[in-house]
Amino acid sequence: MISRRDSLKKLALVTSGAALLPISSFAGNKQKSERFSYCLNTSTISGQKVGFLKEIEITAEAGYDGIELWIRDIQKYVDEGGNLKDLKKYISDLGLKVESAIGFAPWMVDDEKERAAGIEQLKKEMDMMAQIGGTRIAAPPAGLYDKTITDFFEIGKRYKTILKIGDKTGVTPNLEFWGASKSVYHISQAMFIATAANHPKACILPDVYHMFRGGSGYETLKLISGSAIEVFHFNDFVANIPREKQVDSDRVYPGDGAAPFNQIIQDLYNAGGKKVFSLELFNNEYWKQDALVVARTGLQKMKMLVKDAMAEIKN
């Protein structure tokens with residue numbers, strides 16, 4: 001059987017003019033692979049500074065199903081005179097779905113006044129997402145990055161508060177954990193909060209890098225039902241840097257590092273439910289390259305990983 005590493009070697013070397021594999025190369029295992037769709041988090045090509053609308057255009061041209069935007073970029077677009085109705089049409093006309101957005105509203109903090117302001121901020125961000133056709137927004141532990149949590153039941157109540165707002169706006173907050181934080185850094189903590197919230201739409205937003213950085217074991221994915229994960233951030237970590245010293249910019253293309261992707265993808269498939277694989281990178285070396293090439297390369301690597309993982313699952 002061809003290994004994942006061998007399959008990845010089949011990809012053409014990436015330069016600004018390199019030929020890329022045709023999309024038809026990934027036609028196998030179509031029915032099983034339909035459980036997964038592919039999304040570009042615009043952080044992946046943000047370093048090239050091509051502009052907000054151009055990033056969306058590149059996402060479509062590269063062949064992604066959807067896009068994961070950043071709230072700060074949407075807000076800047078509005079502040080500069082942009083219209084959200086026009087933005088929705090622009091994205092839709094390019095054939096993309098707005099899968100989620102990254103924001104940093106401090107909805108989780110202990111200070112009641114600060115938390116109230118953070119919830120109001122999140123509500124406005126949800127409204128922006130709804131206006132452009134989005135149905136999800138990341139809800140990380142912003143504001144509590146360096147603070148240890150002692151009462152996860154209380155955090156569960158706070159998560160339920162924003163989930164109820166999501167019921168009204170139509171935009172579900174996906175609980176994100178950050179591997180380098182002191183608050184919510186482990187997948188078990190995120191699942192505790194999600195279950196403590198006791199809400200039908202409670203879900204978590206895992207990330208291959210953050211799972212490694214925070215010490216979460218990938219075996220935990222076997223214990224999580226399909227409905228608990230809708231979006232999964234795809235990237236990879238390198239083995240030659242100690243876990244505790246890795247930073248966001250160390251992330252590499254999925255499959256170029258040491259993450260056990262066959263296991264990850266198969267466990268997500270077996271859990272049931274549809275999943276959005278969102279490529280989220282902050283690699284300085286990739287930012288020096290052509291944005292379209294980077295976007296296409298990341299998509300092809302994700303599809304190759306899925307193809308290999310699905311080939312090992314019996315019909």
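The values are calculated or read from the model by the stated rules, or taken from the named source; none is laboratory data. Everything quoted here is computed from the prediction, not taken from an experiment. Positions of Cβ are generated from backbone atoms using ideal geometry, with glycine treated the same way; all protein chains shown enter the neighbour counts.
Report the residue count in the stretch 126-144 for those that are surrounded by fewer than 21 Cβ atoms within 10 Å (Cβ to Cβ) and of a type outside the set (A, V, I, L, M, F, W, C).
Residues flagged as surrounded by fewer than 21 Cβ atoms within 10 Å (Cβ to Cβ) and of a type outside the set (A, V, I, L, M, F, W, C) within the stretch 126-144 amount to 5.
Cβ-Cβ under 8 Å, sequence separation 6+ or interchain: first residue in the stretch 204-217 and in contact (Cβ under 8 Å) with a residue 40 or more places away in the chain, partner basic (Lys, Arg) and in a loop (DSSP other than H, G, I, E, B). Which pairs?
Taking only residues 6 or more apart or on different chains, the pairs are TYR209/ARG251.
So which of GLY156, GLY166, GLY118 is closer than 22 Å to LYS274 by Cα, in a helix (DSSP H, G or I) and not assigned by TED's automatic domain parsing to the domain that holds ASN83? Write out each step before concluding.
On the way: GLY156 fails: closer than 22 Å to LYS274 by Cα; GLY118 fails: closer than 22 Å to LYS274 by Cα.
When all the criteria are applied, what remains is GLY166.
Given the conditions (1) closer than 27 Å to LYS182 by Cβ; (2) hydrophobic (A, V, I, L, M, F, W, C); (3) within 21 Å of the chain's Cα centre (by Cα); (4) surrounded by fewer than 21 Cβ atoms within 10 Å (Cβ to Cβ), report the number of the one that ALA101 does not fulfil.
The one condition ALA101 does not meet is (4).
If you check VAL276 against the conditions, is it among the β-branched types (Val, Ile, Thr), outside any helix (DSSP H, G or I) and touching a residue at least 60 places away in the same chain (Cβ under 8 Å)?
Details: among the β-branched types (Val, Ile, Thr): yes; outside any helix (DSSP H, G or I): yes; touching a residue at least 60 places away in the same chain (Cβ under 8 Å): yes.
It is true that VAL276 is among the β-branched types (Val, Ile, Thr), outside any helix (DSSP H, G or I) and touching a residue at least 60 places away in the same chain (Cβ under 8 Å).
When the stretch 233-262 is examined, which residues are found to be among the hydrophobic types (A, V, I, L, M, F, W, C), under 12 Å from HIS210 (Cα atoms) and in a loop (DSSP other than H, G, I, E, B)?
We begin by selecting, within the stretch 233-262, every residue among the hydrophobic types (A, V, I, L, M, F, W, C); these are 234, 237-239, 241, 247, 252, 258-259, 261.
Next, only the ones that are under 12 Å from HIS210 (Cα atoms) stay: 234, 237, 247, 259.
Residues satisfying the conditions are PHE237, VAL247, ALA259.
Please give the number of the condition TYR90 fails out of (1) outside the structural domain of THR297 (by TED's automatic domain parsing); (2) surrounded by fewer than 18 Cβ atoms within 10 Å (Cβ to Cβ).
With respect to (1) outside the structural domain of THR297 (by TED's automatic domain parsing); (2) surrounded by fewer than 18 Cβ atoms within 10 Å (Cβ to Cβ), TYR90 is out only on (1).
For the stretch 61-87, name all the residues that are in contact with a strand residue (DSSP E or B) (Cβ under 8 Å, 6 or more places away or on another chain) and either crowded, with 19+ Cβ neighbours inside 10 Å or modelled with pLDDT under 95 (or both).
Answer for the stretch 61-87, where residues must be in contact with a strand residue (DSSP E or B) (Cβ under 8 Å, 6 or more places away or on another chain) and either crowded, with 19+ Cβ neighbours inside 10 Å or modelled with pLDDT under 95 (or both): ALA62, TYR64, GLY66, ILE67, GLU68, LEU69, TRP70, ILE71, ILE74.
Specify the residue that is nearest to GLU230 (Cα to Cα); the eligible residues are those in the stretch 44-91 that are over 20 Å from the mean Cα position of the chain (by Cα) and of a type in the set (Asp, Glu).
ASP86
Name, by its number, the condition in (1) more than 25 Å from LYS97 (Cβ to Cβ); (2) surrounded by 22 or more Cβ atoms within 10 Å (Cβ to Cβ) that does not hold for ALA258.
(2)
Take the stretch 182-192 and flag every residue that is under 19 Å from the mean Cα position of the chain (by Cα), surrounded by fewer than 22 Cβ atoms within 10 Å (Cβ to Cβ) and touching a residue at least 40 places away in the same chain (Cβ under 8 Å).
Correct list: GLN189 only.
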